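The values are calculated or read from the model by the stated rules, or taken from the named source; none is laboratory data. A quick note: this is a predicted structure, and the numbers were derived from the prediction, not measured. Note: ideal-geometry Cβ built from the backbone for every residue, glycine included; neighbour counts use all protein chains shown.
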Amino acid sequence: MFETKRANLLDECVWAPSPEPGLLGYIEIWWAADQNNDVLLESENYHYRQGFLADNEVDDWLHQKRQFGRPQYTSSSPESVLTGRLSCIRLLMCERLTRKFYPPVFAMSRESFERVETAFGLPRATLPLLCRNSGMEYYSLGFAPQGHSNTTESLPTVSVVIKYPQMFQLGNLGFAMTHSLSTGNTLAFLHGWSIFRNQNAVTKKETTPHSERIHSLLQPSVTLWKHPLLLPTLLFQEHLFRCDEFIWRSLSSQTQAIEFELGMSRTGRLANTEHAVLEEIVNLLSDDSRRLLITSDVNTALTDAITFASVLKWDQRLGEFIKRLDKELRKYYEGANIGLATVKELESAVDHFSCEAVSTAEYAGSIRSRLEVQLSVLYNFVAQAGNDLNSRIAATTGLDSSAMKTLALVTAVFLPPAYVASLFSMSMFDWQASDDGSSGHGVVSNRFWIYWVVSAPLTAAILAGWRFWWKSQKVHYAKEYPKVLSVGVKDEGGEAKEV
């Protein structure tokens, strides 16, 4: 069912075995069990090994060749060890190179990956799920062909693939494993960011590599080594650790910093903080660059909170997935010599981690609500700043209007006398002529009509041009600002008309 998708992804993925050491490594545990299949705790009865691999060493490690051979027990070992039962956990880890979300980049060759799939018996859904961005979980049970008389051979092999949701603050892990209930062997592959590197793939900030955390969780869990769901549970715990680290060290701190900046909340450690609220708000209202910066901070933190909440929902779903799979495998545990104490121990751990996921999700929800309150406060501040700007514009416009009114009054007072003075100063009028006409001509020239013939049409043309310009401007602004220059008043015909 997954063959076509897998074949396409094998071509799309970037296979980049790196000469840089420390990007491909392993953890493996070999242990001997007594007749009851209980792990013998003495150090000579189990071997814990970890190290790095070059790409050309992967095949040797997969088939336990050369320096990667399985541990040997001699006749001097305790008699309970020499039962022939030797089990293992073998985990191959591969760094995800570059910060690109797609296609994923593997620090190994395509041939090595295909050898891992074959040697570990990983399901064909492994690569399609590893290439997803969203969280996914998948399992299947494989049975040996019918007709075998040995009851242990009728026990299934469990295949599990888990893809953690993509969030760069938490990692981007993909995990695939098979566990044989007949042999007790767990074979697994892990791929993702910061598995060996001690810095975040996106922010480049220092972080604890996943391999160190897995080592610190796996080595002490001796009583659970033989449980088929140990590795999925440990990775569940590791992911919750990253979630807890993110919410307390990053998201919660960002939220408190925003609340302190806006000065409108006094939650938690800010309750008794001295803060000049009025002065800060005045500065915020007057500083455009600061408002832009705090708006960016609030929206970034709120986006992280929303994404984080969806990741925590998936964590809760993962807890239910592990419980459901554990319930389905219960009927095989007795045949695999997995004791009740081991089953209860892992069940209790999964319950605890599920409760932790719920608790963290509830706290993340409260942070999201707090950020939404701060965003509302910020929008109110921006609106107040806009109102203040409008008030200043209105005041300035009023002053300009007063100045124009003054100029209009002065013009109205002085324009008639100025016109009269200009008119009477023309040569059309001869004020030296006598009133009785003895000088031969009157005060007003007989060509005075020329003035009116020229000025009247010119005035009419100017008024007509102004009227045309005014109408064109009204049409232009009506198109640019229809809601400002018109209202929703309809005439008798139902058409909107300008008021």
Task: Residue that is surrounded by the fewest Cβ atoms within 10 Å (Cβ to Cβ) [pool: residues in the stretch 1-32 that are assigned to a strand (DSSP E or B) and touching a helix residue (DSSP H, G or I) at 6+ places or on another chain (Cβ under 8 Å)] - done: W15
TODO: Output the qualifying pairs, or none if there are none: Cβ atoms under 8 angstrom, residues six or more apart or on different chains, first residue in the stretch 126-146 and more than 16 Å from Y164 (Cβ to Cβ), second residue surrounded by 15 or more Cβ atoms within 10 Å (Cβ to Cβ) and modelled with pLDDT under 85.
DONE: F143/S154; A144/S154
- [ ] Would you point out which residue out of F196, F189 is under 21 Å from F52 (Cβ atoms), in contact with a Phe, Trp or Tyr (Cβ under 9 Å, 6 or more places away or on another chain) and assigned to a loop (DSSP other than H, G, I, E, B)?
- [x] F196
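Taking the stretch 304-359 on its own, how many of its residues are of a type outside the set (S, T, N, Q) and not in a helix (DSSP H, G or I)?
The number of residues fulfilling the criteria is 5.
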Open item on the list: What's the total number of residues in the stretch 418-443 that are among the polar types (S, T, N, Q), surrounded by 11 or more Cβ atoms within 10 Å (Cβ to Cβ) and either at pLDDT 75 or above or in contact with a strand residue (DSSP E or B) (Cβ under 7 Å, 6 or more places away or on another chain) (or both)?
Closed with: 0
- [ ] Residue by residue through the stretch 163-207, note down the ones that are within 22 Å of the chain's Cα centre (by Cα), over 16 Å from F241 (Cβ atoms) and crowded, with 21+ Cβ neighbours inside 10 Å.
- [x] K163, G174, H191
Open item on the list: Residues that are at pLDDT 90 or above, over 24 Å from E372 (Cβ atoms), assigned by TED's automatic domain parsing to the domain that holds V377 and touching a helix residue (DSSP H, G or I) at 6+ places or on another chain (Cβ under 9 Å): does the stretch 242-254 have at least one?
Closed with: yes
Task: Residue satisfying all of: in the stretch 292-333; small (G, A, S) and surrounded by 14 or more Cβ atoms within 10 Å (Cβ to Cβ); nearest to Y379 (Cα to Cα) among these - done: A301
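Condition (residue is among the aromatic types (F, W, Y), modelled with pLDDT of 95 or more and touching a Phe, Trp or Tyr at 6+ places or on another chain (Cβ under 9 Å)) applied to the stretch 215-236: is it met by at least one residue?
For the stretch 215-236, residues among the aromatic types (F, W, Y), modelled with pLDDT of 95 or more and touching a Phe, Trp or Tyr at 6+ places or on another chain (Cβ under 9 Å): present.
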TODO: Kindly indicate whether any position in the stretch 183-206 is touching a helix residue (DSSP H, G or I) at 6+ places or on another chain (Cβ under 8 Å), among the basic types (K, R) and free of Cβ contacts under 8 Å to residues at least 40 places away in the same chain.
DONE: no
